[in-house]
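Engineer: Sharing a structure here in structure tokens format.
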Amino acid sequence: MGWLTASILSAAGVLVLTHLPQTALPNVLQGNLTDKIEHTAAYGLIALLFLLSVKRRSPLLVPISGLLILAGMGVLDEATQPLVQRCASVGDYMADLIGVVAACAIFLAKRWLVFDTAAS
């Protein structure tokens, strides 16, 4: 399975989990802080898997487009949660974006370190 497939499957899994009724979730997953950590980790993982799928010589527009689509998915994720008696939250969306930005930072730092090491 490729990185892009893993990213898409992860995104689908997140969308399923975030649309389960709140009462179906264990109490430990209903805490406010835990929820933000879950959003950050989930969207960070999706972003990292996507970035790993992008070829090194791809135009910059490719990863930027993918990450913007992921940010849009976060908006749709939050906007559709009231349909299943869950609450849309700007805080959750901010946590999603933090995960995406953190994944980008980790990915770029790794690429920079590998490139810098190879140049030495």
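Engineer: Looking at segment 84-95, can you tell me whether even one residue there is modelled with pLDDT of 90 or more, crowded, with 17+ Cβ neighbours inside 10 Å and of a type in the set (A, V, I, L, M, F, W, C)?
Structural biologist: Looking through segment 84-95, at least one residue is modelled with pLDDT of 90 or more, crowded, with 17+ Cβ neighbours inside 10 Å and of a type in the set (A, V, I, L, M, F, W, C).
Engineer: I've got another one for you. Kindly provide the set of residues from segment 46-80 that are among the charged types (D, E, K, R) and over 17 Å from Ile106 (Cα atoms), ordered by number. Step through it out loud before you land on a result.
Structural biologist: Let us first name the residues in segment 46-80 that are among the charged types (D, E, K, R), namely 55-57, 77-78.
Answer for segment 46-80, where residues must be among the charged types (D, E, K, R) and over 17 Å from Ile106 (Cα atoms): Arg57, Asp77, Glu78.
Engineer: If I ask for residues that are closer than 17 Å to Gln22 by Cβ and either hydroxyl-bearing (Ser, Thr, Tyr) or outside any helix (DSSP H, G or I) (or both), which ones from segment 69-95 would you list?
Structural biologist: If the condition is that a residue be closer than 17 Å to Gln22 by Cβ and either hydroxyl-bearing (Ser, Thr, Tyr) or outside any helix (DSSP H, G or I) (or both), then Thr80, Gln85, Arg86, Cys87, Ala88, Ser89 are the ones that fit.
Engineer: Out of the residues in segment 69-82 meeting the condition of being of a type in the set (A, V, I, L, M, F, W, C) and touching a residue at least 40 places away in the same chain (Cβ under 8 Å), tell me which one is surrounded by the most Cβ atoms within 10 Å (Cβ to Cβ).
Structural biologist: First, pick out the residues of segment 69-82 that are of a type in the set (A, V, I, L, M, F, W, C): 69-71, 73, 75-76, 79.
Filter once more, so that each one left must be touching a residue at least 40 places away in the same chain (Cβ under 8 Å): 70, 73.
Numbers: Leu70: 20, Met73: 17.
Among them, the one singled out is Leu70.
Residue-wise test of (1) in a helix (DSSP H, G or I); (2) of a type in the set (S, T, N, Q); (3) surrounded by 14 or more Cβ atoms within 10 Å (Cβ to Cβ); (4) in contact (Cβ under 8 Å) with a residue 24 or more places away in the chain.
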| site | (1), (2), (3), (4) |
| --- | --- |
| Lys36 | yes, no, yes, yes |
| Arg57 | no, no, no, no |
| Leu67 | yes, no, yes, yes |
| Leu97 | yes, no, yes, yes |
| Val101 | yes, no, yes, no |
| Ala109 | yes, no, no, no |
| Leu113 | yes, no, no, no |
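Engineer: Can you give me the number of residues within segment 9-34 that are at pLDDT 70 or above, among the β-branched types (Val, Ile, Thr) and outside any loop (DSSP other than H, G, I, E, B)?
Structural biologist: Total satisfying the criteria: 4.
Engineer: Within the set of pairs 6+ apart or on separate chains, which have a first residue in segment 1-12 that is exposed (fewer than 14 other Cβ atoms within 10 Å of the Cβ), a second that is part of a loop (DSSP other than H, G, I, E, B), and C-beta atoms under 9 Å apart?
Structural biologist: What qualifies is Leu9/Met1.
Engineer: Another question, then. Within the bounds of segment 43-51, is there any residue that is under 14 Å from Ser10 (Cα atoms), at pLDDT 95 or above and of a type in the set (Gly, Ala, Ser)?
Structural biologist: Yes, segment 43-51 contains at least one residue that is under 14 Å from Ser10 (Cα atoms), at pLDDT 95 or above and of a type in the set (Gly, Ala, Ser).
The values are calculated or read from the model by the stated rules, or taken from the named source; none is laboratory data. Note that the coordinates shown come from a computational prediction; the quantities given were computed from them, not determined experimentally. Quick reminder, even Gly has a Cβ in these numbers, built from the backbone with ideal geometry, and neighbours come from all protein chains shown.
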